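The values are calculated or read from the model by the stated rules, or taken from the named source; none is laboratory data. From a predicted model like this one, the values you see are computed outputs, not experimental measurements. Here Cβ is always computed from backbone atoms with ideal geometry, including for glycine, and neighbour counts include all displayed protein chains.
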Amino acid sequence: MQSWEAALVSIVLAAGGVIVVRVGWLSARDRLSPQRVAGIRTPSTLANEKAWYTAQRAGSRATIGAGLVGVAAGMAGLVLAGPRPDIAVWVAVGGAIVVMGLAVGGAIRGIRAARKLVIEEVAEADKPGTRSKPGLDDPGPT
């Protein structure tokens, strides 16, 4: 692999890391609104806004960590791209693997938090004498 190819891989990893840090930062501060582009998107996290924000907050630390690892691995690869492009690529690949592991771990944590919240809300709505909460009513097929 040539130096410029290793540098390109490293730059892409670092840039992706910056984006992931930004998503994690927004998630931690409840500034990542419910949508279908970024964030932890599953049926339980999209059940209602409270579940969405709970999931994003729960996974935000791992998401920020994943992004920082991506930035660090990308920068290290960029430094190594000139003298040792072969090592630079391995640093980038290793960094990408760690990024994915952290991101998946954060997503699992967020999904579990959202599921717990939704289950608690359904249980609360099913208590005698309480009205069901908005967003939890499912009339089923009619």
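Within segment 41-63, can you find the residues that are of a type in the set (D, E) and surrounded by 19 or more Cβ atoms within 10 Å (Cβ to Cβ)?
Residues of segment 41-63 of a type in the set (D, E): 49.
Correct list: empty.
Quick test for you: out of V89, V99, pick the one residue that is surrounded by 14 or more Cβ atoms within 10 Å (Cβ to Cβ), under 17 Å from G67 (Cα atoms) and touching a residue at least 60 places away in the same chain (Cβ under 8 Å). Outline the logic, then answer.
Working: V89 fails: under 17 Å from G67 (Cα atoms).
V99 is the lone residue from the list that is surrounded by 14 or more Cβ atoms within 10 Å (Cβ to Cβ), under 17 Å from G67 (Cα atoms) and touching a residue at least 60 places away in the same chain (Cβ under 8 Å).
Which of the residues that make up segment 25-40 are buried (at least 17 other Cβ atoms within 10 Å of the Cβ), outside any helix (DSSP H, G or I) and not small (G, A, S)?
L32, I40
Only one of (1) modelled with pLDDT of 95 or more; (2) over 26 Å from the mean Cα position of the chain (by Cα) is not met by S60, so which one is it?
With (1) modelled with pLDDT of 95 or more; (2) over 26 Å from the mean Cα position of the chain (by Cα) applied to S60, the lone miss is (2).
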